[in-house]
Amino acid sequence: MSSLQEAYDNLAQIHNNSYLGRGIVIGMDERGERFVQVYWIMGRSENSRNRQFIKENDFIKTEALDPAKLIDPSLIIYYPLKSVNGNHIVSNGDQTDTVYDIISAGGTLEEALLTREFEPDAPNYTPRITGLVNRNNGSYAYQLSILKRINEDGCGRFYYNYQKATPGIGHCIHTYLGDGTPLPSFIGEPFKVALNGEIDNIADQYWNLLDPDNRISLLVKTIDIATEDVQIVIRNKNTQ
């Protein structure tokens, strides 16, 4: 089976799973001209569903739809998308700010995430997932990471460095294996998925793959390899 066919077949892993939690895809568009970052959030509780993505200059942040219904903002209100000095960061929590600050000071993704661990939301202990496209580092195309609870042994830190991007293919990681009580954490390595069409096509494709009852918001960011021009599109369930 070719890598591209595998990437298309793996889209069923997203479509057939009712609750992936939050997810990241990073890869390259099918023309080999742009890096692509996809990020989505899903929610089961009223607090989790009371959100949308909004633009703040070149950054994206989550915002409460109804501030009066916001119960605990600590794990649901954050910047999932920031960039600095050619580094394009995406994550499922406020570790975006940690990575931004450390990289701004000349550090690395690994150094930043050594200061963080999984989320303190027992009994789920939601993993922190993070991705990075670094236009200034020739040794790899992009990185993904997951920080997750390893039983009573504390935090396991896993990093995946992709030295070469393949046109039309990305790698996907998400927080949960599926629905459950408690929610089971993602296991294994990021898996290949397809990235085809223009930015709106990619946004529509992944939005439509997500469970309609549990999907909340999704964003797609593209970074032009030659010019570094950035495009961002957003899909919000409650403002469609």
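The values are calculated or read from the model by the stated rules, or taken from the named source; none is laboratory data. Only a predicted model underlies this, so the values are computations on that prediction, with no experimental measurement involved. Quick reminder, even Gly has a Cβ in these numbers, built from the backbone with ideal geometry, and neighbours come from all protein chains shown. Surface accessibility is based on the protein's heavy atoms, side chains included, excluding ligands, DNA and RNA. Shrake-Rupley method; radii C 1.70, N 1.55, O 1.52, S 1.80 Å.
So here's what we get for this one:
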{"quantity": "Residue check, Gly93 farther than 22 Å from Gln231 by Cβ, of a type outside the set (D, E, K, R), in contact with a Lys or Arg (Cβ under 7 Å, 6 or more places away or on another chain) and touching a residue at least 60 places away in the same chain (Cβ under 8 Å)", "calculated": "no"}
{"quantity": "Selection count, segment 1-27, where residues are of a type outside the set (S, T, N, Q), over 24 Å from Leu147 (Cα atoms) and open to solvent by 20 Å² or more (accessible area, probe 1.4 Å)", "calculated": "7"}
{"quantity": "Qualifying residue in segment 32-47 (condition: surrounded by fewer than 16 Cβ atoms within 10 Å (Cβ to Cβ), in contact with a helix residue (DSSP H, G or I) (Cβ under 9 Å, 6 or more places away or on another chain) and hydrophobic (A, V, I, L, M, F, W, C))", "calculated": "no"}
{"quantity": "Residue in segment 48-65 that is surrounded by the fewest Cβ atoms within 10 Å (Cβ to Cβ), counting only those that are in contact (Cβ under 8 Å) with a residue 40 or more places away in the chain and assigned to a loop (DSSP other than H, G, I, E, B)", "calculated": "Asp58"}
{"quantity": "Test: residue in segment 66-76 that is in contact with a helix residue (DSSP H, G or I) (Cβ under 9 Å, 6 or more places away or on another chain), open to solvent by less than 30 Å² (accessible area, probe 1.4 Å) and closer than 24 Å to Phe35 by Cβ", "calculated": "no"}
{"quantity": "Criterion (over 13 Å from the mean Cα position of the chain (by Cα) and surrounded by 22 or more Cβ atoms within 10 Å (Cβ to Cβ)) met by exactly one of Leu144, Leu210, Leu219", "calculated": "Leu210"}
